[in-house]
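Participant: Starting off with a structure, shown below.
The values are calculated or read from the model by the stated rules, or taken from the named source; none is laboratory data. Bear in mind that the values here come from a model prediction, so they are computed numbers and not experimental data. In this analysis, Cβ positions are derived from the backbone assuming ideal geometry, glycine residues included, and neighbour counts consider all displayed protein chains. The area values use the complete protein model at the heavy-atom level, side chains included, leaving out ligands, DNA and RNA. Shrake-Rupley method; radii C 1.70, N 1.55, O 1.52, S 1.80 Å.
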2 protein chains.
Amino acid sequence: MPRDTGGMARTVELLWGVSTPRGTRGPRQGLSVAAVTRAALAIADAEGLGAVSMQRVAKELGYTTMSLYNYVPSKDQLIELMIDAATPPPPIPEDGESWRDEVERWVRATWGLYHAHRWVLKVPTVNPPLGPNQMAWFEALLHALHRGGLEGAELMAIAQHILTSTRGQAAISIDLATGEDGTAAEANEALRRLATPDRFPTLHGLIPAAGAGGFHPGAEIYEGLALGVRLLLDGMEGYVRRGAG
Amino acid sequence: MPRDTGGMARTVELLWGVSTPRGTRGPRQGLSVAAVTRAALAIADAEGLGAVSMQRVAKELGYTTMSLYNYVPSKDQLIELMIDAATPPPPIPEDGESWRDEVERWVRATWGLYHAHRWVLKVPTVNPPLGPNQMAWFEALLHALHRGGLEGAELMAIAQHILTSTRGQAAISIDLATGEDGTAAEANEALRRLATPDRFPTLHGLIPAAGAGGFHPGAEIYEGLALGVRLLLDGMEGYVRRGAG
DNA sequence: ATCCGCTAGCGTATCTGATACAGAGTTTTA
DNA sequence: TAAAACTCTGTATCAGATACGCTAGCGGAT
């Protein structure tokens with residue numbers, strides 16, 4: 001029987017810790033899914049996703065590469081586990097906090113989360129996030145927006161909107177912060193040279209205005225994100241008031 | 001002299017076709033950057049990014065793997081070229097079109113673009129998009145929003161917001177459409193099972209309401225995106241009217 | 001008590017893909 | 001017409017994922 005190399009069912013099982021009941025025989029297990037995941041996570045946090053190889057993780061744990069496959073069916077699955085493991089429980093709304101503040105707190109926390117684990121957004125997405133922690137965060141966002149008066153498909157839509165723009169802007173911020181020193185400056189330089197006023201009038205006009213050159217450093221991007229969210233919530237309030245949703 | 005393996009400068013050079021003047025000596029070139037890029041692009045469109053390897057591209061062209069390196073300094077650079085090559089010129093706004101319609105047309109076109117080249121959003125971003133076509137699209141979006149009354153950092157922020165949420169939602173839609181047949185259904189099934197009303201009350205409430213189970217198929221996601229953009233623009237109008245920006 | 005069968009961890013092998021390097025043939029310029 | 005500058009080829013290297021078969025530890029049925 002070939003090793004079950006994955007599939008959604010297996011992934012979900014692993015993520016939710018539903019241990020397929022295994023016989024108690026054989027040598028005691030020296031490792032565990034959690035231990036493997038933790039080790040991989042530590043490597044990624046310290047040296048980036050590229051440093052995570054099965055060999056490296058095994059070395060870190062003092063085991064052979066192949067023994068990891070006793071716990072994790074493939075590297076891809078391991079990465080899914082890492083992502084969920086990197087995700088702490090979502091922030092708890094404070095008493096009396098407005099729903100808008102709740103949303104903004106969520107955005108800030110998400111921003112922080114991605115910056116704390118700069119590799120997370122490099123993982124090319126394949127599946128919807130079905131890990132327990134991922135789901136908890138999404139639930140938290142839905143909760144806040146629901147308080148704001150949204151329901152059903154609209155609720156889902158706006159939540160996705162906020163989620164994806166937060167992810168996207170965080171990814172940009174991280175790319176700029178992570179690149180070799182000077183990459184950002186080099187990019188700005190290139191931008192300045194290429195965004196000529198004839199072909200790119202609007203963009204060209206922004207370059208001096210934006211200080212670092214149109215692709216801003218971290219804090220400014222966050223401010224931009226926050227503004228976008230605020231305006232979206234403004235629009236949403238109007239929408240709800242008008243009686244839809 | 002080692003082959004220049006890249007760096008922003010080289011990338012930009014390639015993207016903008018600034019041919020570093022090469023001597024006219026030696027055998028006539030059988031290939032060109034464009035030809036290599038085109039071949040790679042065709043493979044990616046037909047079989048996904050995973051099918052693009054240097055060997056495969058070379059085979060397609062009837063050359064050796066290594067000969068490609070005469071034209072393209074590395075695979076990563078080739079991928080950047082592919083992305084820009086996959087990007088047609090942005091849509092041209094119609095006469096008399098409102099700025100809001102201009103934005104919405106932009107969003108729709110972007111959506112279509114990503115769906116036409118389903119591999120583009122799988123590329124883990126490293127650099128800001130400096131290719132000429134990428135820049136042209138961004139300029140188009142800036143132009144529309146500028147007409148709406150935004151300036152400077154606010155303009156940049158809202159443009160990024162729209163860009164990232166469009167990318168993000170398109171990515172979700174593509175993942176669902178691309179997975180093995182049944183993956184989406186399986187995910188919904190899992191979601192239904194895992195999103196228990198006690199721990200995930202809001203999410204749980206959405207599952208039946210959302211038809212396919214909370215993670216909607218293509219058209220519905222597009223509707224959601226469009227709604228989000230509309231509300232954001234609503235908020236933006238208020239903001240502009242209030243005199244900021 | 002004991003032995004059987006399950007299983008963890010090991011060593012090694014295979015396969016795929018990127019990229020280095022050296023050599024041979026081609027074309028232009030001094 | 002030789003030297004120089006290139007292009008393309010063939011082969012080698014290196015990394016990383018994962019298959020496979022072996023050995024030995026351990027719990028449970030005899």
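Participant: Name the pairs: first residue in the range B:131-149 and at the interface with chain A (Cβ under 8 Å from one of its Cβ atoms) and among the aliphatic types (A, V, I, L, M), second residue open to solvent by less than 20 Å² (accessible area, probe 1.4 Å) and outside any helix (DSSP H, G or I), Cβ to Cβ under 9 Å, at least 6 apart or on different chains?
Facilitator: Final answer for the pair search is B:135/A:195; B:135/A:200; B:136/A:200; B:136/B:87; B:142/A:200; B:142/B:150.
Participant: Additional query: Where in the range B:33-149 are there helices (runs of 4 or more DSSP H), lying fully within it, with 1 or more residues that are crowded, with 19+ Cβ neighbours inside 10 Å and within 16 Å of DNA strand C (Cβ to nearest atom)?
Facilitator: Working: elements: B:33-47, B:54-61, B:75-86, B:99-116, B:132-147.
Once the helices (runs of 4 or more DSSP H) in the range B:33-149 are filtered for at least 1 residues that are crowded, with 19+ Cβ neighbours inside 10 Å and within 16 Å of DNA strand C (Cβ to nearest atom), what remains is B:33-47, B:54-61, B:75-86.
Participant: Ok, one more. State whether one or more residues within the range A:177-198 are open to solvent by less than 10 Å² (accessible area, probe 1.4 Å), at pLDDT 95 or above and either more than 30 Å from residue A:48 (Cα to Cα) or more than 7 Å from chain B (Cβ to nearest Cβ) (or both).
Facilitator: Step one: of the range A:177-198, the residues open to solvent by less than 10 Å² (accessible area, probe 1.4 Å) are A:187, A:190-191, A:195.
Remaining after also requiring at pLDDT 95 or above: none.
Looking through the range A:177-198, none of the residues is open to solvent by less than 10 Å² (accessible area, probe 1.4 Å), at pLDDT 95 or above and either more than 30 Å from residue A:48 (Cα to Cα) or more than 7 Å from chain B (Cβ to nearest Cβ) (or both).
Participant: With the checklist (1) modelled with pLDDT of 95 or more; (2) within 8 Å of DNA strand D (Cβ to nearest atom) in hand, flag the one item residue A:24 doesn't pass.
Facilitator: Residue A:24 satisfies every listed condition except (1).
Participant: Another question, then. Out of A:131, A:96, A:152, report the one residue that is more than 27 Å from residue B:188 (Cα to Cα) and over 11 Å from the mean Cα position of the chain (by Cα).
Facilitator: None of the others qualify; the one that does is A:96.
Participant: Does residue A:66 satisfy being farther than 19 Å from residue A:120 by Cα and at pLDDT 95 or above?
Facilitator: yes
Participant: So if I check each of A:128, A:91, which one is over 23 Å from residue A:46 (Cα atoms) and not assigned by TED's automatic domain parsing to the domain that holds residue A:175?
Facilitator: Working: A:128 fails: not assigned by TED's automatic domain parsing to the domain that holds residue A:175.
Within the list A:128, A:91, the selection yields A:91.
Okay, residues lined up against (1) of a type in the set (S, T, N, Q); (2) touching a Gly at 6+ places or on another chain (Cβ under 7 Å); (3) under 14 Å from residue B:224 (Cβ atoms):
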site: A:106; (1), (2), (3): no, no, no
site: A:110; (1), (2), (3): yes, no, no
site: A:131; (1), (2), (3): no, no, no
site: A:155; (1), (2), (3): no, no, yes
site: A:159; (1), (2), (3): no, no, yes
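Participant: Consider residue A:167 against the criteria (1) within 30 Å of residue A:37 (Cβ to Cβ); (2) open to solvent by less than 20 Å² (accessible area, probe 1.4 Å); (3) within 9 Å of chain B (Cβ to nearest Cβ): it satisfies all of them except one. Which criterion is unmet?
Facilitator: (2)
Participant: Taking the condition out of contact with any strand residue (DSSP E or B) (no Cβ under 7 Å at 6 or more places or on another chain), more than 7 Å from every other protein chain (Cβ to nearest Cβ) and either closer than 25 Å to residue A:94 by Cβ or at pLDDT below 95 (or both), does residue A:152 pass?
Facilitator: For residue A:152, the condition - out of contact with any strand residue (DSSP E or B) (no Cβ under 7 Å at 6 or more places or on another chain), more than 7 Å from every other protein chain (Cβ to nearest Cβ) and either closer than 25 Å to residue A:94 by Cβ or at pLDDT below 95 (or both) - is not met.
Participant: Determine whether the range A:36-51 contains at least one residue that is of a type in the set (Lys, Arg) and within 14 Å of DNA strand D (Cβ to nearest atom). First the steps, then the outcome.
Facilitator: Within the range A:36-51, the first condition is being of a type in the set (Lys, Arg), and the residues that meet it are A:38.
Add one more test, that the residue is within 14 Å of DNA strand D (Cβ to nearest atom), and what stays is none.
There is no residue in the range A:36-51 that is of a type in the set (Lys, Arg) and within 14 Å of DNA strand D (Cβ to nearest atom).
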